[in-house]
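Derivation of every value follows stated rules applied to the coordinates shown; laboratory data play no part. The structure displayed is predicted, hence computed values, not measured ones. Glycine also receives a Cβ, built like all others from the backbone with ideal geometry; neighbour counts cover every protein chain displayed.
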């Protein structure tokens, strides 16, 4: 593969630039729908891009009590992890033969790095509210990861492999995972876990503007805040793609499947936005009980049904 094609396929198209653009557009959809729910007009489509460019040009203010290296480095590491996960997902969807053994588990672990980076970054800020936000982020991470892993294992068990290639081939040959009882239950639980991973209402507890004035994001400003927000936008793009790959047959750009793939993505984004706009924020103890209670039970039921062939 020559340099130009490599640059296009692995950087421009599936990598950072494409993911960032679509992620920012997705945040605009979120803001627009939220505005309409509130009987407001909402921002123009280019607003997320304008906000990002504006922040990149502003001064970064580091709190005097902050651990500078950890405070500034962690958002960059989170952004790099989200971009890497996006690249792997796009490459295996466009060329399944490029998949490797265990790549689904690799992506799952990579997708925990943005949350961990915010935990460390907010803890390094030295602000009590930021540290409280990082504590909540940590508890939320521990709460949703277990049911999320079990739900993904239902797909992995049916495919008999940790490889995305085998998972996609199984769905192309025998129907998508959503066509089974276990797949539907696991999909629903995974949607709720994604809501928490994005720290969207009702699980925006680590930020909680009305309580913590931003929590984990409180002390970030200028270009550092732009990186934090861009990281969130990319995660908003990556997680629905991950969900589609594991449960809904993946993404395709061949013929009519292009439209189908876009509709899948839009459907998941709409579900996430509707949940965000129709629920109140819960307390951290309620969130932990929710994921370690009903969601964990449902994930175990999904796994049992998968083992039984349902």
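To the nearest 10 degrees, how steep is helix 164-174 against the longest Cα principal axis of the chain, on a 0 to 90 scale?
The two axes meet at around 50 degrees.
Of the listed peptides 143-149, 125-131, what is their order by residue-averaged count of other C-beta atoms within 10 Å, with the highest listed first?
Values: 143-149: 21.3, 125-131: 19.6.
Ranking, from highest mean packing down: 143-149, 125-131.
Over the Cα atoms, compute the radius of gyration (one decimal) and Dmax (the largest Cα-Cα distance, rounded to a whole number) for the chain, in Å.
Gyration radius and largest Cα-Cα distance of the chain: 19.3, 59 Å.
Expected output is a single nm value to one decimal: the length gained when fully extending between residue 41 and residue 188, i.e. 0.36 nm times separation in residues minus the C-alpha distance. What is it? Write out the running numbers ahead of the final one.
Details: separation 147, 0.36 × 147 = 52.92 nm, distance 3.10 nm.
Gain in length upon complete extension: 49.8 nm.
Which angle between 0 and 90 degrees, to the nearest 10, do you get for helix 47-56 versus the longest principal axis of the chain when only C-alpha atoms count?
The helix 47-56 is inclined about 50 degrees to the chain.
So what is the relative contact order for the range 3-307, in percent, with contacts set as C-alpha pairs under 8 Å and at least six apart?
Details: 468 pairs, mean separation 81.9, N = 305.
Normalised by residue count, the contact order of the range 3-307 is 27 percent.
Suppose R0 equals 41 Å. What FRET efficiency, 1/(1 + (r/R0)^6) with r the Cβ-Cβ distance, do residue 267 and residue 53 give to the nearest 0.05?
Values: r = 30 Å, r/R0 = 0.74.
With a Förster radius of 41 Å, E is 0.85.
Based on the mean of other beta carbon atoms within 10 Å per residue, what is the order of 189-197, 207-215, 37-45, 249-257, most packed first?
Values: 189-197: 23.1, 207-215: 17.7, 37-45: 11.7, 249-257: 14.8.
Sorting 189-197, 207-215, 37-45, 249-257 by mean packing, highest first, produces 189-197, 207-215, 249-257, 37-45.
Stretch residue 149-residue 281 to full length: gain in nm at 0.36 nm per residue minus the Cα-Cα span?
Numbers: separation 132, 0.36 × 132 = 47.52 nm, distance 2.41 nm.
Difference between extended and current length: 45.1 nm.
Nearest 0.05, what FRET efficiency do residue 178 and residue 80 give at R0 = 22 Å with Cβ-Cβ as r?
Numbers: r = 32 Å, r/R0 = 1.43.
Efficiency at R0 = 22 Å is approximately 0.10.
Give the angle, between 0 and 90 degrees and rounded to the nearest 10, that separates the Cα long axis of helix 296-307 from the longest principal axis of the Cα atoms of the chain.
Value to nearest ten degrees: 20.
Going by Cα centres, the range 293-310 and the range 31-69 are how many Å apart?
Centre-to-centre (Cα) distance: 40 Å.
For the chain, modelled as a GNM with alpha-carbon contacts under 10 angstrom, which of 27, 216, 52 fluctuates the most?
52
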